[in-house]
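Just so you know, all these numbers are worked out from the coordinates, no wet-lab data involved. Predicted model, so just to flag it, every value in this text is computed and none were measured. Virtual Cβ from ideal backbone geometry, glycine too; neighbours counted across all protein chains shown.
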Amino acid sequence: MEPAAKSLTEFALGCMLEPEERAATLSCTDEGHLLVRVAGETMTRTDGLLVCTENLVVRPLARRMQGRVVPEVFARLAALEGDGYLVLAHQGERFHVVDLEGDLCFFVEPYLWAMDAGLLWDVGVVPGTRRDRPIPLVRAAGEGMLAFRVPGRLVAIKVADDRPIRIARDRLVGWVGAVVPRADPEGPFLRCEGEGAVLVWFPRAPADGSSAPS
């Protein structure tokens, strides 16, 4: 005998989104979407917005370079103020949420999705790319969380003084530690040296098991 169907009220209560119960300012829903809780101020993109409480104010965010505000609007991130939340769709990609815990890190700007307002940050480019297809960077440090989204599998590659690595420039997501990436003038690669870990993304294998495109 099949169990009796739930009432619509019971069904709604059973699948209700309750962001107030989540202590973290940034987290992922069971489906992999990004949940951003705003209590005061936070910085986030609004691409793929699914749900947003109306008691939030969005204002442009000025870019910072070398610790100073510059007269240029951050095209991707905006400042949200108020007390509420929003949910951003993964759009077929994967969100990752990390707590910096005082670490200094760098992220390629298009992959960065949200940051706690208390983090110290500024922008720049990967050395050697300013003239030819610049790779924009966001440097973040301090205590707080940030979220980024990648289209494939995220992998960390160890870099050591005696073991520099070379990666495809369009796979770089970011790095942590004393890593120094530089554009390779001989091809579409970045040479990374120093001490730390580089974050890159690998393409996913196709569902039918055929060879994956590059």
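Counted residue by residue at 0.36 nm each, then reduced by the alpha carbon distance between them, the extension gain from residue 93 to residue 7 reaches 27.5 nm. If we count every other residue with Cβ under 15 angstrom of residue 165's Cβ, Lys/Arg +1 and Asp/Glu -1, where does the sum land? Net charge in that neighbourhood comes out at +2.
Neighbours of residue 116 by Cβ distance under 11 Å: Lys/Arg scored +1, Asp/Glu scored -1, total -2.
For the chain, the calculated P(r), taken from all Cα-Cα distances in 10 Å bins from zero up to the bin holding the longest distance, is 8, 29, 32, 19, 8, 3, 1, 0 percent.
Normalising the average separation of contacting C-alpha pairs (under 8 angstrom, six or more residues apart) by the number of residues puts the relative contact order of the chain at 17 percent. The charge dipole of the chain, taken about the Cα centre with unit charges on the Cβ atoms of Lys, Arg (+1) and Asp, Glu (-1), comes to about 1020 debye, rounded to the nearest 20. Since only 12, 129, 96 are under comparison, the one whose Cα sits farthest along the positive direction of the charge dipole of the chain, derived from C-beta charges on Lys, Arg, Asp and Glu, is 129. Measuring nothing but how far apart in sequence close Cα pairs (under 8 Å, 6+ apart) lie, relative to its length, the range 48-150 scores a relative contact order of 31 percent.
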